[in-house]
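K.L.:
Structure incoming, see below.
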Amino acid sequence: MDQLRLRKYESLGPFEIKNDLARLASSTTKASAVSYMNAGRGNPNWVATEPREAFFLLGQFAVLECKRVLDLPPGVGGMPRKEGVAARLAAWLAKYDELPGAAVLAAMVPWAVREFGFDADAFVHELVDSIIGDNYPVPDRMLVHNEKIVREYLQWAMCGTPRPKGSFELYAVEGGTAAMCYIFKSLKTNRLLNAGDTIALGTPIFTPYLEMPHLEDYDLKVINVEAKQEDRFQFGDEELAKLLDPKVKAFFLCNPGNPSAVALNAATIEKIGAILKKRPDLILLTDDVYGTFVPGFRSLLGAFPRNTIGVYSYSKYFGCTGWRLGVIALHENNLLDELIARHPEPVQKKLDKRYGTLVLEPRKVRFIDRIVADSRDVALNHTAGLSLPQQVMMSLFSLYELMDQKKLYQKACLGIVKKRVEATIEGLGIEVAPNEMFDYYYGLIDFEFWLKKYAGGQEVIDWVRENIHPLDIVFRLAEDYGIVLLNGGGFEAPDWSVRISFANLESHVYDDIGRAVRAIARSYKQAYEASLAPPPVTKAKTAAPGKTIKGSKAGKPRGTGKR
């Protein structure tokens, strides 16, 4: 692949490069018998069906509740009423118990009432009124019952054991994407991160975390705390020591990693705890979207709740990227509130002015509620909040998992991605040692690591670095094989690496992807070997006696005369 052509892509992120790769791969498949395989994006190709069946059935009941209050032509209904709604739902589900979702919904309501001590009518009315979507979100941060349900779900999904003391305050948001935007904005607005401040990023990392700090909006300095492949993507002592620098205000990471797909183990979490004893003022932000793919997962939110802002999205585990369901979590006793309270008086007055229209004592507004207000530029705080139907879906997903004591759904999801990982490894023709912290959702294929171990060692790697552009890998996969993967360098992973998603293609194609990657790696080795071979010797033409060769002068070797 032409290096000059590839250099024009160096300023783009991997998700932007992916668009051109997809077009190239699509063209390849149209012109040949090759199948188009896009393993570049993390959208799973499975969905959780039973909570969705419960959702749509609940919607039918909710419309009947509207008509029960008011039913005028042409289709004008009333707003659902709370009194007796739980009994009406139970009777309706018993009458139509053969409908998809009836059994699940009939089990969810009494389970939640029992486990959380809910008033049945209040809980069911929240579900029914919210799925209709006839009111603003109240409270704006999160619905009362939904917050309690999701808080318990996050204890399972993120916190592990032992459970942290105290409680988490949650903000339901439009997926992990919105969570990132809102958090960055509020950290700056509340002078917790200022232009020129330094943050640390646990790399490799999801590319927006690499790009957002450098936007004019934030203008942050960044240092990388690298989790290396030779350390099985755990942070080493030397890397973590960077966090001891008091100039580092915050440490942002994805756990499990994206693209490494490896969660922090107990030893690494313990090392971070030792850092926090020396740096109790260090802000942690942990993006734990893939934690549900690691049984027994332990988030920094569970280990160090005082210092940590937690981000979670339902998108991958439940196959609901289109729903845009995410949560920001902050412990009730958190560092962010402490740091805001320590601001000097001039800063406090500026923040008083910003939040003074919300409450009489703006200095008592907690950071989690400042995030809510900032997400709507304060002036629109009264209409903030995730849409109510989205919050109902969030409740149903959470309840579905909490009720699954045998974790059958989790095992099924893991079974899907594990099968695909195994097929890819077989296609690559390599051996991979088991890693209990691996989430199986993504994989990082490091060509340098592969070449060093399987194809000739450091000499080959040095030649590849000198002669091959890092983007050549993904463009050749697209052009020659119709395969789309993302370049690892865009995640601050090794330059000659690719990220593969095990979530979004049928299992049988992953062996083909592995073989294609191996073929390209072998082609690099072959090109290296060819570069070592002496140039072929060309025999000089011999003229017949008394004649000269056309275009040359007798008595002079060819190629030495003037041109």
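The values are calculated or read from the model by the stated rules, or taken from the named source; none is laboratory data. Here the structure is a predicted model, which is why all the values come from computation and not from measurement. All Cβ positions, even for glycine, are placed from backbone atoms using ideal geometry, and neighbour counts span all protein chains on display.
K.L.:
How many residues does region 277-312 contain that are in contact with a strand residue (DSSP E or B) (Cβ under 8 Å, 6 or more places away or on another chain), closer than 28 Å to ASP197 by Cα and either buried (at least 23 other Cβ atoms within 10 Å of the Cβ) or aliphatic (A, V, I, L, M) (or both)?
P.N.:
Number satisfying all stated conditions: 18.
K.L.:
Kindly indicate whether ILE328 is under 30 Å from TYR400 (Cβ atoms), outside any loop (DSSP other than H, G, I, E, B), touching a Phe, Trp or Tyr at 6+ places or on another chain (Cβ under 6 Å) and in contact (Cβ under 8 Å) with a residue 60 or more places away in the chain.
P.N.:
yes
K.L.:
Output yes when any residue across region 128-140 is surrounded by 18 or more Cβ atoms within 10 Å (Cβ to Cβ) and within 24 Å of TYR317 (Cα to Cα), and no when none is.
P.N.:
Scanning region 128-140, I find at least one residue that is surrounded by 18 or more Cβ atoms within 10 Å (Cβ to Cβ) and within 24 Å of TYR317 (Cα to Cα), so the answer is yes.
K.L.:
Those residues that are more than 41 Å from the chain's Cα centre (by Cα) and on the phi > 0 side of the Ramachandran plot, I need them from region 49-108; list them, please.
P.N.:
GLY75, GLY84, listed by residue number.
K.L.:
Would it be correct to say that PRO51 is under 21 Å from THR321 (Cα atoms) and buried (at least 20 other Cβ atoms within 10 Å of the Cβ)?
P.N.:
Criteria met by PRO51.
K.L.:
Quick one: would you say PHE449 is surrounded by fewer than 20 Cβ atoms within 10 Å (Cβ to Cβ) and either at pLDDT 90 or above or not polar (S, T, N, Q) (or both)?
P.N.:
Criteria met by PHE449.
K.L.:
Would region 183-190 turn up any residue that is buried (at least 19 other Cβ atoms within 10 Å of the Cβ), on the phi > 0 side of the Ramachandran plot and in contact (Cβ under 8 Å) with a residue 60 or more places away in the chain?
P.N.:
Looking for residues that are buried (at least 19 other Cβ atoms within 10 Å of the Cβ), on the phi > 0 side of the Ramachandran plot and in contact (Cβ under 8 Å) with a residue 60 or more places away in the chain, one finds none in region 183-190, hence no.
K.L.:
Could you tell me whether region 75-85 includes any residue that is over 17 Å from PRO389 (Cβ atoms) and aliphatic (A, V, I, L, M)?
P.N.:
Checked region 75-85: at least one residue is over 17 Å from PRO389 (Cβ atoms) and aliphatic (A, V, I, L, M).
K.L.:
What are the residues in region 58-88 that are without any contact (Cβ under 8 Å) to a residue 60 or more places away in the chain, out of contact with any strand residue (DSSP E or B) (no Cβ under 8 Å at 6 or more places or on another chain) and not in a loop (DSSP other than H, G, I, E, B), if any?
P.N.:
GLN60, LEU64, ARG68, LEU72, VAL76, VAL85, ALA86, ALA87, ARG88
K.L.:
Further question on the same structure: I'd like to check something: does region 371-385 contain any residue that is in the same structural domain as THR161 (by TED's automatic domain parsing) and within 30 Å of LEU414 (Cβ to Cβ)?
P.N.:
no
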